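The values are calculated or read from the model by the stated rules, or taken from the named source; none is laboratory data. In this text the structure is predicted, and so the values were computed from the model without any measurement. No Cβ is skipped: glycine too gets one built from the backbone with ideal geometry, and neighbour counts run over all protein chains shown.
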Amino acid sequence: MVMLDHLNANRKDRCMKELTKDEMLNISGGALSGALLTALFKGLNIFTDIGRYFGSAIRRLVDNNLCGY
């Protein structure tokens, strides 16, 4: 058995509940976390940056505006 503890530690006798195994299996968390969303947005930013770099490189090749070494 697992005990759920709420934030109020003074009222543990009224705030704690024993869970059965079936109840524990039915517990579900949030579908999207902040870390997951941040990783997805960073991945999208990487793809847009790569597209921007390739677009600039193609435009510079077509316009013959290359840097001399």
Condition first: at pLDDT 85 or above and over 14 Å from the mean Cα position of the chain (by Cα). Now tell me which residues in the stretch 26-44 satisfy that. N26
Selection from the stretch 21-55 of residues under 30 Å from L66 (Cα atoms) and among the hydrophobic types (A, V, I, L, M, F, W, C) yields L44, I46, F47, I50, F54
Can you find a residue in the stretch 8-24 that is touching a strand residue (DSSP E or B) at 6+ places or on another chain (Cβ under 9 Å), loosely packed, with under 10 Cβ neighbours inside 10 Å, of a type outside the set (G, A, S) and modelled with pLDDT under 85? no
Suppose we filter the stretch 22-69 for residues that are assigned to a loop (DSSP other than H, G, I, E, B) and of a type outside the set (F, W, Y); how many remain? 14
